[in-house]
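Where a number appears in this text, it was derived from the coordinates with a stated rule and is not lab data. A quick note: this is a predicted structure, and the numbers were derived from the prediction, not measured. Here the Cβ positions follow ideal geometry from the backbone for every residue, glycine too, while neighbour counts run over all protein chains shown.
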Amino acid sequence: MGKRRSGYALQTVPKARLGGTDARHVRTAWSLPIFAFGTTVCFILVPIIDPTAAFAMTAETITAPAKNNDPLQTVTAAGTEALTVSRSQFTTSKVYPTAPAAGIPDPGTAQAIAHEMVLARGWDEQQYSCLVALWNRESHWNVYAHNTKSGAYGIPQALPGDKMASVADDWMTNPATQITWGLGYIAGRYTDPCGAWTSSENRGWY
């Protein structure tokens, strides 16, 4: 059979017209400006895209306005820590299990003594409510409460009870002495009553 020629002719460009280069490496006059424009657009879009969007895929996200209209996102992980994210800073704050509101205690009671001491330390009513719930669980606010198995004693269930002698010798009978020791123990180990309440909720003791 004879050779059939295609209806299309292949046209080649002489190297002289291409400045001595191979035709496959020739760039058109408009390619460089388009490339530069595309690169510029990418750099502009990067700061606009929210860098914290990935959090929404793994945890519940709450968005609230902040200063200068900077959006903040709060992500709660494991129910104990909250991560507050903005485009300029990262901060963390504790999230505590909710304790029932204790209300105002009756005058002259051990809880009234504790309420006064809690506020004197700069803690708030929420911290007092955590303390009430904590020591309700431990001793029902009974100054003579004694765990015969462990040896824990008093309102804060100090273990052993004579640790409270570091405050005063009347630690077995005086609620103020027991509360003073108990608040010092909580501040040193858990920072505040709600921190101790969190431990009690998670482990059954503090």
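Some notes on this structure:
- For Ala102, the residues whose modelled amide H falls within less than 5 Å of its own, excluding neighbours fewer than 5 places apart on the same chain, are Ser129.
- Between amide H atoms placed 1.01 Å from N, distances below 5 Å from Ala158 occur with Tyr153, all of them 5 or more places distant or on a separate chain.
- By other beta-carbon atoms within 10 Å, ranking Ile113, Ile179, Ile104 with the fewest at the front produces Ile104, Ile113, Ile179.
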